[in-house]
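Every read-out reported here was derived from the displayed coordinates using simple, explicitly stated rules and does not represent laboratory data. These numbers come from a predicted model, not from an experiment. FYI the Cβ positions are ideal-geometry reconstructions off the backbone, even for glycines, and counts take in every protein chain you see.
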Amino acid sequence: SPQRIQKYLNYAEWIIPLSPSYGQEVVISCPLEGNPPALYKWYFTKWLSNVTKYSNDSVQIHTGHLNIRFFNKNRTLLFDTFRERHNGRYDCFAYNNLGNRSYTKFPRTDVYKCTDFLSSQPSVSINSSRTLVAYVGQNLSIYCVVASIPSSNSVLITWLKDSSQFYTPPRINFTKNPFDKDRCQIIAMLNVRNLTLRDSGNYSCISATSDLPAVNDTILLTVTVPSRQPNYKLLILKIGVPTCVVLILCAIFVTFGILHYKRKRQLKLQQALEEYQRRPLPQKGMYVLQNLCRTMHYYC
């Protein structure tokens, strides 16, 4: 007989672990079931660490919210990396046509700041190999990661080509992503449109602060001319569509003519072989001798 929403007896799959570490994978599964099968909704109330209380507003969790994924027909939540912004109250509502119930859990991780793990010196790395090959006319972006910095205001990022500053807008421009507070890093980009041979050279990304020596990383860019490839669209435009159609039909006609000639020749050889096999044995020798003489341009 149908029953109202019931709880699971096993709570082991509710949250793993109960006190997640910063950056850890976390699974939260709602320990409620029903007959008929229940539908599930999740609501999140943020924990305000600065005032040590929960927010007054709850929001329904949807796919992609706070980088949370749903499984098992919305019954299970997966956090790939549990962060401080995930601290709060999670309310699971299970309901069917007979009733509804709710259950609540309060996962919280320690407040983590990347500034607690800053090294004494910033680091710079270009997100590519030491050498980079590109072709004339391409668009190119070179990424420079500046890590171990407390904020974007404390660092100055400069690009150099062959040890000298350059800037030729709008074809070349410099951009930066917002400061990543979780990783204490910033990504700067050198964007070049419509590459030319003159863009080849050594490109350096330099990070400088007011109280520490500058650090840099360099990459060698080589711009080459691509090998010539047949441009069939341009060829069609030059000689015209009607001419292309005539050439294609001629090619088809020649192909069928060659196939017909080969087939006709094969039939003649097959007929000659059948005629030879029907001859008596004494005539077979004479038949072979006659054909040999014809081949050698002698008359017998």
Which FRET efficiency value, to the nearest 0.05, is calculated for residue 41 and residue 132 with the Förster distance at 35 angstrom and r the Cβ-Cβ distance? 0.10
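Count charges around residue 198 for me, please; just the other residues with Cβ under 13 Å from its Cβ, Lys/Arg as +1, Asp/Glu as -1.
Numbers: positive: 161, 171; negative: 162, 199.
Here the count lands on 0.
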Can you tell me the FRET efficiency between residue 196 and residue 163 if r is taken as the Cβ-Cβ distance and R0 is 22 Å, rounded to the nearest 0.05? 0.65
Any chance you could run the full-extension gain for residue 220 through residue 181? It's 0.36 nm times the residue separation minus the Cα-Cα distance, nm to one decimal. 11.0 nm
At 7 Å along Cα-to-Cβ for each site, give me the label-to-label distance between residue 173 and residue 104 in nm. 4.9
Among 261-269, 186-194, how do they line up by average Cβ neighbours within 10 Å per residue, starting with the highest? 186-194, 261-269
What number comes out for the charge environment of residue 66, summing +1 per Lys or Arg and -1 per Asp or Glu over other residues with Cβ under 9 Å away? +2
Gain on full stretching of the segment that runs from residue 270 to residue 208 - 0.36 nm per residue minus C-alpha separation: 13.6 nm
Sequence-distant or interchain residues sharing an amide H contact under 5 Å with residue 88, placed H: which? 47
